[in-house]
Each structure stands twice: as structure tokens, then as C-alpha cells.
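K.L.:
Mind having a look at this structure? Questions to follow.
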Amino acid sequence: MLSPATFARPWLDETVSARGGARVRIMERPGRWMPPAALDALVADLQRVVRVATPAGSLDYGVASGDRDRLDSAVVTIVYDRAGAPVAFNALTLIPCELRGRPVDVLHLGLVMVDPAHRAGGLSGVLYGLTAFLLFARNRLRPLWVSSVTQVPAVFGMVGEAFDSVYPTSDPSRRQSYDHLHLARQIMARHRHVFGVGDEAEYDEARAIIRNAYTGGSDNLRKSFDDAPKHRHDIHNETCRAALDYDRGDDFLQLGQVTLRAARTYFTRSASDLSPVALALRFSLLALEALVAPVIQWFAADTPMGDLRPSLRSLEHPAR
């Protein structure tokens, strides 16, 4: 018999098959539930990718640095090749913010690193989109805010095309809304450490550009425009070249949303990179879990639900 606990997994831990026999594992807040030995192995896998993916072979911020506190709020997506070796990862972070008087988590798309030997394998879309796609299902198909800090044209264009209501983008008709500005101000005021931006960096609110962004631990990630991976649509490359000062070290701060339309588009585009059957099954099960769990929990009279309904024990022994 199904109990409320059946539908009450607190954190996401999913594995999806990818092209070429690769395996993609997504772990939500692993610092809160993963045993110490497993955490050690995860950090070692992340650091292995860092060593081969960066010129300096090291990184001074985020989960890849070995900071265990960051693993409490991170969503780690890691790709293993057919032999089981880690070849790419994305360390996303759930950033607590407030919007229109209510708490809201913004999913920061975070740092993507790919082993140079696998950069032509179409992993960027898998690393950025898959986690947001599944978390959207967990969020009961409600819009999920995402953020991205980047100077890389390929990433800037991908975010602008993959998500809804994105600002800034290469489309000059797009305008910054109150929600975009309010969330950006909170992120820059309280969460710079998430993406390695120092206190001395200045934020241009009108253009959503962080000036002098590479002084807070992300120094090794700074690129020249010539070295930064380009997007297949040149309009995104030109937008970055014209708007950002690569000598100073500027970044765009993009904000957008995962919506049902964005999820449908992602599923269509990713059919060649992921197993369509496995992806559809994971999405359906997570959505069902998120939608059905509250109903089952409501009819379980012995399960407390906080302010909505106290436990039977508290009703039998009311406070005096």
C-alpha cells in the first residue's frame, strides 16, 4: 500500500542515460543527505573535471573547491562516460530570494565545466537544461526562476533561447521588468559568493552587467573574447563583444523562467542527446509525485501538516 512517505522524497536524486552510453546524475542538496564517504567521492569527481578543464587546474569557489557548506544548497549535475569516469559537471545553486512579498528560490545555473576531450559532445544543453527541466516538474509545473552569470557568448545565447522571459538577451525589444530588477538587486547584494564575484565589482542595473566580475574566487575562469566559446548564431557573439569589456572582466547577469513552453522546447531539442523515454518517464513521475503527494498527505490523518493541520496527538493533548 502506498503511504505518504512513498511520495515524500525530500531531495532530487535522479540518473538519466545520455548519448554514447554516458550517464547523467542529478543530486539536489547532497550535503544534507549524502554519507560522508559518498560526498568525498563526489568532490573528487568534480575536482578531476576541474583539473583537466581549466588552465590553472584549480578553482577557489563553489562546490568544486571542496567547500562542504556549499553542497547544502547546491544541485549537482555530473556526467560520467561509458567507462564511469567523470567528464563534465554543472554545480547549480538554489538562491533564497523574495518576490512580491513571498519567498522564492532562484536556480542559479552555475558553473559548467567539460573535459576538453568531450566538448563536442553536446553536453552543455544537457548540463544546463536537464536539471531545470526536472526541478520544474518537482515544482508542480509552476514557473521556476533561473539566473546565469556569464561572459561566454555560447552560454549567453543558450540561456536566452532556452528559457522564457529572459533579460538581458540579444533581442533589443526585450525590456527589464520589475521582477528582473528586484531579483537582480537581491542576488548582487547578498549572493555574490555563489558565482565568485568580489565586493569591488559594480553592477550596471540598466544593462544587467557586472563590471570587474573576476575578483572573488572566479579569477581562473576569466576569458578573452577570442577564447570564449561562441554561439552558432552570431547575433549572440556580437552582443557580448559590443556590450562587455573583456579586458576589465565583465559579465552579464541574466534572469528568466522555466515554464511549460520552455520545458516542451527542451524536451524536443534534447531528444537526440538523452533517452526520450527515460526523460519523459522521469518528468512524469516527478510531476505526479509533486501533484499527488499533497492529496495523499491530506487524507493521512496521522501525519502533521504544520499550520494546515496539527497531528492527532496534539489535538488529544492541547496546550494549556
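No lab work stands behind these numbers, since they all come straight from the coordinates. This one's a predicted model, so the numbers in the text were calculated from it and none came from an experiment. We place every Cβ from the backbone using ideal geometry, glycine too, and count neighbours over all the protein chains shown.
K.L.:
Give, rounded to the nearest 20 debye, the magnitude of the charge dipole that the stretch 105-186 has about its Cα centre when Lys and Arg contribute +1 at Cβ and Asp and Glu contribute -1 at Cβ.
P.N.:
Taking the Cα centre of the stretch 105-186 as origin, the dipole is about 180 debye.
K.L.:
Can you give the local net charge around Phe225? Use residues other than it whose beta-carbon is closer than 14 angstrom to its beta-carbon, Lys and Arg +1, Asp and Glu -1.
P.N.:
Details: positive: Arg222, Lys223, Lys230, Arg241, Arg248; negative: Asp226, Asp227, Asp234, Glu238, Asp245, Asp247, Asp250, Asp251.
In short, -3.
K.L.:
Let me ask something additional. Order 29-39, 164-174, 131-141 from most to least packed using the mean count of other Cβ atoms within 10 Å. List each step's numbers first, then the result.
P.N.:
Working: 29-39: 14.4, 164-174: 15.9, 131-141: 21.1.
Taking the mean over residues of other Cβ atoms within 10 Å, the ranking is 131-141, 164-174, 29-39.
K.L.:
Taking H placed 1.01 Å from N in the peptide plane, check which residues at least 5 places from Val146 or on another chain put their amide H under 5 Å from its amide H.
P.N.:
So Val146 has HN proximity to Leu107, Gly256, Gln257, Val258.
K.L.:
Among His118, His182, what is the fewest-to-most ranking by other Cβ atoms within 10 Å?
P.N.:
Taking fewest neighbouring Cβ atoms as first place, the list is His182, His118.
K.L.:
Now for a different question. Long-range amide H contacts for Ala88: which residues qualify at under 5 Å (H placed 1.01 Å from N, peptide plane, sequence gap of 5 or more or a different chain)?
P.N.:
Amide H neighbours of Ala88, under 5 Å, 5+ apart: Val79, Asp115.
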